[in-house]
Amino acid sequence: MELELLISNEQRVLPTVQAFVHQTLVQLELATQQAEQLEDFVLRAVADAIDHAYPAGEAGSIQVSVSEKSGKLETTVRDFGLPQDVQLLEERLHESGVDRSVLYGVHTPEVADEVHWEAFGREGKALRIVKWLDASHIAETQASADASDETHEVELAPEQEYVIRRMVPDEAVQIAQLMYRTYGDSYFNEDVYYPARIAAQNERGDLISVVAVGESGLVCGHEAVEMNQRGPVAELGQAATDPAHRGRGLMSRMKKLLVEEAAHLDLVGWFADAVTVHTLTQKSNAHHGGHVCGVELGISPKNEVFRNIAADQSQRVSCVIYFHWLQTPQTRTIYVPARHQEMLAAIYDNLNCPVQIQDGTSASQEHGTLNVKVVATANAAFLTTDQVGTDTVHAIRHTARELVEVSRMEAVFVDLPLSDPGTPASWEGLEAEGFGFVGVGPHFSPSGDVVRLVYLVEPMAREPIETYEAFAGELVDYVLAEQRRVRTGR
């Protein structure tokens, strides 16, 4: 379903908008109360745009768009009026934490699964409201309730033949149950617990799921290509093997098929976050030709569970970034502070990627860009800058302070474009604010490679971080040393 309504900024059009939204929602699989709450929220957003999007007395247009595909309903209220500080609007929307967000007097988590502002510069702004029509969490099913009672001692299933293939839609429930059996309810991407989302994302191509199916027809393993980056790369993740079927090479076989699937996409490469709670996924990536390029220090909460491997963590979980090329890497010029040039040269050498490293200059413009993504289930936030400005450090410092002090984020990651000559100055400015270097993301941005920094509320210890390759160990030592340095201000 794709619908669009273009209206003038006059109060008298509100009854028309109400009729449009109401008649659209009654056609969908929404409970009456949910539909009424969503209708009210959209009307409030439209009324606010009518009142405030344009200067008093100026005629303008407001666009209400509705898109429903595979169970994902997106409603967008877009104006073409006064420029706004959308970054500030987004911060205010989430300033009390996702569980208490309020907009137009509405408690947004009760109405929608996601609510975000989008900026269009001189062409106005938009409020995007996402609602999944099927909101059934897998933990609510009896099968998962039974799975939650599993002990750490799981009896191995009989030896058998497994089929490795793309998932079919009706296996989405089994995949969600598998993720629950493997991680409990601690996996930071909550989409894996909603079968309807898994099926919908596969149908849209946002996710490519591969499964290992046993002789009984049970899904025993899962891994997926996630199209979650803005650059021409994808992530291999959501990996899980049923504890009763481990040790049989299923993960390696699923990854092999996924690599073949990824080769058909228009990508430069793919990457994987390999956990450091154990070295199994690191070993798998290394054996499939992956190149270590970073350490996601503290990317997951310490309550993340790895059943039958490591249930209790002493600190936030870290990952090693492995990058896999699908195209021959081309020479690129990057701008790096002198302090880090030797390490960046070593990372690019490990990536087998030719590079020219330069010192950089001051930012070429006053205002940079900044996008904010909050992952509440992981108590982590991700800030992305595509264009560095003289105000970049200030904007990131202000945003990070709000995220940590108000929204209680425990880790704030920042990506800066390595192709921007102004990056070294902002990089060093952020180090003075406690952000430490953790690695490189090849092609993570439309503009090319990024350097990733992180601010951690609690310091990380070395002992719990296990690494498979020598270079990964060296990089872990380097980023931990950087954390100590930026914390002490040396």
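The values are calculated or read from the model by the stated rules, or taken from the named source; none is laboratory data. In this text the structure is predicted, and so the values were computed from the model without any measurement. In this analysis, Cβ positions are derived from the backbone assuming ideal geometry, glycine residues included, and neighbour counts consider all displayed protein chains.
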Criterion first (under 23 Å from V211 (Cα atoms), crowded, with 20+ Cβ neighbours inside 10 Å and not assigned by TED's automatic domain parsing to the domain that holds Y183) does V295 satisfy it? no
Test D113 against the stated conditions and say whether it is under 21 Å from the mean Cα position of the chain (by Cα) and either surrounded by 14 or more Cβ atoms within 10 Å (Cβ to Cβ) or modelled with pLDDT under 90 (or both). yes
State yes or no: is V404 in contact (Cβ under 8 Å) with a residue 24 or more places away in the chain, under 23 Å from A272 (Cβ atoms) and not aromatic (F, W, Y)? no
Taking region 311-349 as the search range and keeping residues that are farther than 17 Å from R452 by Cα and in contact with a helix residue (DSSP H, G or I) (Cβ under 8 Å, 6 or more places away or on another chain), which one is surrounded by the fewest Cβ atoms within 10 Å (Cβ to Cβ)? L326
Any residue in region 55-74 that is over 31 Å from the mean Cα position of the chain (by Cα) and under 20 Å from L103 (Cβ atoms)? no
So, in region 161-197, exactly how many residues are touching a strand residue (DSSP E or B) at 6+ places or on another chain (Cβ under 9 Å), in a loop (DSSP other than H, G, I, E, B) and at pLDDT 85 or above? 3
Given (1) touching a residue at least 40 places away in the same chain (Cβ under 8 Å); (2) touching a Ser or Thr at 6+ places or on another chain (Cβ under 7 Å), number of the condition A411 does not satisfy: (2)
Residues to consider are F413, F382; find the one that is at negative phi, buried (at least 20 other Cβ atoms within 10 Å of the Cβ) and at pLDDT 90 or above. F413
Pick from region 260-283 the residues that are out of contact with any helix residue (DSSP H, G or I) (no Cβ under 6 Å at 6 or more places or on another chain) and of a type in the set (G, A, S): which of them is modelled with the highest pLDDT? G269
Yes or no: region 57-75 includes at least one residue that is of a type in the set (K, R) and modelled with pLDDT of 90 or more. no
Those residues of region 116-142 which are modelled with pLDDT of 70 or more and of a type in the set (V, I, T) amount to I129, V130
Do you know which residues across region 347-368 are at pLDDT below 85 and on the phi < 0 side of the Ramachandran plot? T361, S362, A363, S364, Q365, E366, H367, G368
Residue within region 249-265 that is touching a Cys at 6+ places or on another chain (Cβ under 8 Å) and either surrounded by fewer than 17 Cβ atoms within 10 Å (Cβ to Cβ) or not hydroxyl-bearing (S, T, Y) (or both) present: yes
Search region 350-379 for residues being touching a Pro at 6+ places or on another chain (Cβ under 6 Å) and either of a type outside the set (V, I, T) or more than 29 Å from T399 (Cα to Cα) (or both), and hand back the single one that is surrounded by the fewest Cβ atoms within 10 Å (Cβ to Cβ). C353
I need the full set of residues from region 12-49 which are without any contact (Cβ under 8 Å) to a residue 40 or more places away in the chain and not in a helix (DSSP H, G or I), in order please. V26, Q27, A31
